[in-house]
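Take a look at the structure below.
The values are calculated or read from the model by the stated rules, or taken from the named source; none is laboratory data. Please read these numbers as outputs of a predicted model, since none were measured by experiment. Cβ placement follows ideal geometry from the backbone for every residue including glycine, while neighbour counts extend to all protein chains displayed. Ligands, DNA and RNA are stripped out before the accessible areas are found, and what is left, the full protein with its side chains, is counted by its heavy atoms. Shrake-Rupley method; radii C 1.70, N 1.55, O 1.52, S 1.80 Å.
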Amino acid sequence: MSKGKIYDKIHTIVDNELLDDKLEKLAQYCEENGVRFTDKQFPPNERSLVGYPTPSDYNGSFGKFGYARHEQVFTDNNFDLFRKIEPSDILQGSLGDCYFLVCLSGLAEYPPLIGRLFEFDEKNPYGFYPIWLFINGSWKRYIVDDYLPVMKGTNRLAFSKTDENEMWVMLLEKAYAKAYGGYWNIVGGDPVHALRDLTGAPYDRISNFDNPDFVWDKLKRANDQEFMMTCFTKNTQITEEKHDTGIVSGHAYSILDVRKYVDSHGRTQKLIQIRNPWGKFEWNGAFSDNSPLWKESDKHQFIQEADDGLFWMRVEDFVVHYQGVGLLAIKPDYRSNAIKLKQSKTNNTAIARLIVDPSTCDSRGQNEVFISVDQTDSRSVNDDSYQYR
């Protein structure tokens, strides 16, 4: 993209929203001084990798990482901000944020939900990217530069990457790290919280796996409503440990489909389709790619006999290996809003009034409304005694 085009985009935004005067001035400064933007709030050094002050649980492992500008990473200049947003393009690197990447993979099923987080849709010659995230209950804009984490002494990307030389994944990961004070602070997490941060949408969850039928019913209802679904496995002493079953411990996955199937023995099975964000390493039990429970006549409709990270499993097996499910109430045509409430200092309460526009109701005069309440994320609070209420 030419400097003129990106500058025109900034002016268009400025005309519509006074807030973006900052972007105009930033572009002017870079143009007049012949420089690229470097983010002083989240600089390309160890402070942004680890966070400041240094977290008490930091183990020193980030000393092997550095930063490089995008043209040093993509030396042939063959890259774009977006090419084709696809779930299978997202690859995890050395950062333990599979829960975040699985959310990007789920959102990539609906590309507009990714695109709306960026104010520009092409790479910026000035090196800055405004990105919107829903942090601690409200939308906030984070401006990041195009320095990317690499293996120290090389120009090889250290954290997330894509198959198609697109920057949107790395930049969203960077904006998320900036929102929480450093890359170390986004190691490990609950995928449904990350989905909330990326969409602002309310969510439900399943944490009681004692009754497979209960889990199945909730998954089926969410699937019928086309809601986004994530899940994560039980932890072991080793983070993201590969097991002989093909399941990874302490790892986040996407749920893509929920359906009944009559197997090769004529029995009705309740199946869940799952995707590993690694794009490989799959469940190898009942209803895996080579399972004899598939009928040969329709096997091709359900699976591809390749290690692509996609697999099916019975709900009975699912409740054994997984310990949490997140159900995000979002569709591309859903409307949402967020307001900040002032909490009373005397009785610890806050009051809000909700007015529903009749024009948004269906032909029966009905509508579906989801309401959620947010509390500041503990990662945003430098206090070990901070608790959720």
Q: Being of a type in the set (A, V, I, L, M) and assigned to a loop (DSSP other than H, G, I, E, B) is the filter; apply it to the range 300-330 and report the residue that is modelled with the lowest pLDDT.
A: Ala306
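Just to be sure before I move on: is Ile143 surrounded by fewer than 20 Cβ atoms within 10 Å (Cβ to Cβ), β-branched (Val, Ile, Thr) and over 16 Å from the mean Cα position of the chain (by Cα) in the structure I sent? So that I can check it myself, show each step before the final result.
Working: surrounded by fewer than 20 Cβ atoms within 10 Å (Cβ to Cβ): yes; β-branched (Val, Ile, Thr): yes; over 16 Å from the mean Cα position of the chain (by Cα): yes.
Against the criterion (surrounded by fewer than 20 Cβ atoms within 10 Å (Cβ to Cβ), β-branched (Val, Ile, Thr) and over 16 Å from the mean Cα position of the chain (by Cα)), Ile143 qualifies.
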Q: Kindly indicate whether Tyr99 is closer than 29 Å to Ile255 by Cβ and surrounded by 16 or more Cβ atoms within 10 Å (Cβ to Cβ).
A: yes
Q) Just checking, which of Arg156, Arg221 is surrounded by fewer than 21 Cβ atoms within 10 Å (Cβ to Cβ) and in contact with a strand residue (DSSP E or B) (Cβ under 7 Å, 6 or more places away or on another chain)? A) Arg156
Q: Name the one entry in Asn348, Asn367 that is more than 28 Å from Asn185 (Cα to Cα), in contact with a helix residue (DSSP H, G or I) (Cβ under 9 Å, 6 or more places away or on another chain) and at pLDDT below 70.
A: Asn367
Q) Are any of the residues in the range 377-386 of a type in the set (A, V, I, L, M), out of contact with any Asp or Glu (no Cβ under 8 Å at 6 or more places or on another chain) and modelled with pLDDT under 80? A) yes
Q | Out of Ser297, Ser288, Ser264, sole residue that is outside any strand (DSSP E or B) and under 14 Å from His321 (Cβ atoms) | A | Ser288
Q. Taking the range 265-318, which residues are in contact (Cβ under 8 Å) with a residue 60 or more places away in the chain and among the aliphatic types (A, V, I, L, M)?
A. Val315
Q. Are any residues in the range 85-100 touching a His at 6+ places or on another chain (Cβ under 9 Å) and of a type in the set (A, V, I, L, M, F, W, C), and if so, which ones?
A. Cys98
Q: Look through Thr239, Thr233 and report the one residue that is under 25 Å from Gly189 (Cβ atoms), in contact with a Ser or Thr (Cβ under 9 Å, 6 or more places away or on another chain) and open to solvent by 90 Å² or more (accessible area, probe 1.4 Å).
A: Thr239
Q: Return the residue satisfying two criteria in turn: it lies in the range 77-103 and is among the acidic types (Asp, Glu) and either modelled with pLDDT under 90 or in a loop (DSSP other than H, G, I, E, B) (or both), and of such residues it is nearest to the chain's Cα centre (by Cα).
A: Asp97
